[in-house]
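Novice: Structure provided below as structure tokens; questions to follow.
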Amino acid sequence: MIQGTWPWWVGGPLIGLVVPAVYLYGAKKWGVSSTLRHLCAATIPAGIEYFRYDWRSRGGWQLLMALGMVIGAALANAFLASPDAVLPISERTWTALAELGLQDREGMLPSSIFSWSGLATLPGFILIVVGGFLVGFGARYANGCTSGHAISGLSNLQLSSLAAVIGFFMGGLTVTHLLLPLIL
Amino acid sequence: MMTEQNLNRPEPLGPYLLFGAFLGVVFVKTEVISWFRIQEMFRFHSFHMYGIIGAAVAVGALGIFLIKRADARSLTGWPIVFPAPEDSRPGPQHWIGGTIFGLGWGLLGACPGPIYALIGTGVWVMFVGLLAAMSGAWVYGLLRPRLPHG
């Protein structure tokens with residue numbers, strides 16, 4: 001049970017609990033994408049005003065949470081890994097992906113794309129490098145990502161977060177239904 | 001976001017590592033780090049991702065409601081301040097930035113939290129995804145004065 005897929009009604013509330021937990025511990029609004037800004041400020045601030053601040057004192061807590069995510073995911077992968085090689089994804093999704101020519105089903109992501117050899121192909125470059133770039137640019141422009149807007153922001157009933165989340169879905173639906181058939 | 005008043009006094013940071021590790025486990029076991037799950041979501045083939053986001057928001061909102069009602073202080077001693085309504089007005093940055101983020105989310109199949117979690121599960125090529133996301137954040141910082149904000 002614990003090694004299989006955790007259902008949404010277990011996982012969703014557990015993720016949601018982190019919002020009040022971070023407020024109650026440190027009076028802070030939980031968000032992940034600020035770490036991208038902190039990492040830039042720590043490595044190549046290049047005199048840009050957006051990166052001129054004390055990233056250690058302002059971002060230390062978020063960078064530690066990100067490190068925690070790496071560790072937690074590694075632990076779950078080592079000790080709670082599912083015995084099934086293929087995730088219980090909807091059969092309709094598998095069919096749709098097969099029609100795009102994507103055959104590999106094993107693991108968390110299609111390894112023909114999300115691997116070093118996949119990165120060297122045009123689809124791999126677009127999904128990983130262009131996709132990653134847009135994630136970072138868009139999250140910082142919108143001042144938040146899935147955590148800061150979709151979860152923390154909507155929990156706080158913020159209209160700006162609702163606008164951002166509508167944008168998230170407009171972008172994601174465009175890629176899935178219009179662009180992926182051209183890319184893959 | 002970060003308010004000025006809680007930036008000055010140091011606080012023990014260990015609990016944040018634990019919160020993050022807890023999230024890392026949940027991200028893996030609910031499979032929200034899976035590119036396949038994100039595809040399933042954007043194709044409306046399953047309730048799974050919607051249930052996770054919806055239930056997370058419900059629990060988060062209930063928690064915030066109770067904190068506001070109790071007028072609670074944080075364990076570190078600070079009053080808990082929530083973003084003011086005038087900070088919540090949607091501007092072009094939310095619509096445009098949100099849509100750009102969505103395009104990236106659809107391609108990469110991972111938002112920032114899952115990028116870190118995927119690295120934890122040994123998908124090393126996600127380091128490139130992280131570097132690309134950092135580059136995106138950097139270019140945003142560079143162009144920020146010239147982009148529309150509300």
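Novice: State all residues of region B:98-124 that are under 12 Å from the mean Cα position of the chain (by Cα), more than 7 Å from chain A (Cβ to nearest Cβ) and outside any helix (DSSP H, G or I); if no residue qualifies, say none.
Specialist: Passing the criteria: only B:110.
Novice: To continue, here is another question. For residues that are surrounded by fewer than 19 Cβ atoms within 10 Å (Cβ to Cβ) and not hydrophobic (A, V, I, L, M, F, W, C), scanning just region A:60-89, find the one that is nearest to the other protein chains (Cβ to nearest Cβ).
Specialist: A:60
Novice: Now a separate question. When residue B:90 is evaluated against the numbered criteria (1) farther than 19 Å from residue A:157 by Cα; (2) not in a helix (DSSP H, G or I), which criterion, by number, is the only one it fails?
Specialist: (1)
Novice: Something else: Quickly run through region A:82-125 and pick out the residues that are assigned to a helix (DSSP H, G or I), among the polar types (S, T, N, Q) and within 18 Å of residue B:132 (Cα to Cα).
Specialist: Within region A:82-125, just A:117 meets the criteria.
Novice: I need every pair where a residue in region B:98-115 that is within 20 Å of residue A:97 (Cα to Cα) has its Cβ under 6 Å from the Cβ of a residue that is in a helix (DSSP H, G or I) and β-branched (Val, Ile, Thr), sequence separation at least 6 or different chains.
Specialist: That search, which allows pairs on different chains as well, returns B:103/A:175; B:104/A:135; B:106/A:175; B:106/A:176; B:107/A:175; B:108/A:135; B:109/B:38.
Novice: Still on this structure: Pairs needed: first member in region A:123-135, closer than 14 Å to residue B:137 by Cβ; second member anywhere, at pLDDT 95 or above and of a type in the set (S, T, N, Q); C-beta distance under 6 Å; at least 6 residues apart or different chains.
Specialist: Matching pairs, first to second residue: A:133/B:135.
Novice: Looking only at residues that are among the aliphatic types (A, V, I, L, M) and over 23 Å from residue B:14 (Cα atoms) in region A:39-59, which one is nearest to the other protein chains (Cβ to nearest Cβ)?
Specialist: A:48
Novice: Give the residues of region B:8-49 that are part of a loop (DSSP other than H, G, I, E, B), surrounded by 21 or more Cβ atoms within 10 Å (Cβ to Cβ), facing chain A (nearest Cβ under 7 Å) and of a type outside the set (D, E, K, R), sorted by residue number.
Specialist: The answer is B:30, B:33, B:34.
Novice: Note down all Cβ pairs under 6 Å where the first residue falls in region A:5-26 and is more than 19 Å from residue B:82 (Cα to Cα) and at the interface with another protein chain (Cβ under 7 Å from one of its Cβ atoms), the second is outside any helix (DSSP H, G or I) and polar (S, T, N, Q), and they're at least six residues apart or on different chains.
Specialist: A:6/B:30; A:11/B:30
The values are calculated or read from the model by the stated rules, or taken from the named source; none is laboratory data. These numbers were taken from a predicted model, which means no experiment stands behind them. Here the Cβ is made from the backbone with ideal geometry for all residues, glycine too, and neighbour counts use every protein chain on show.
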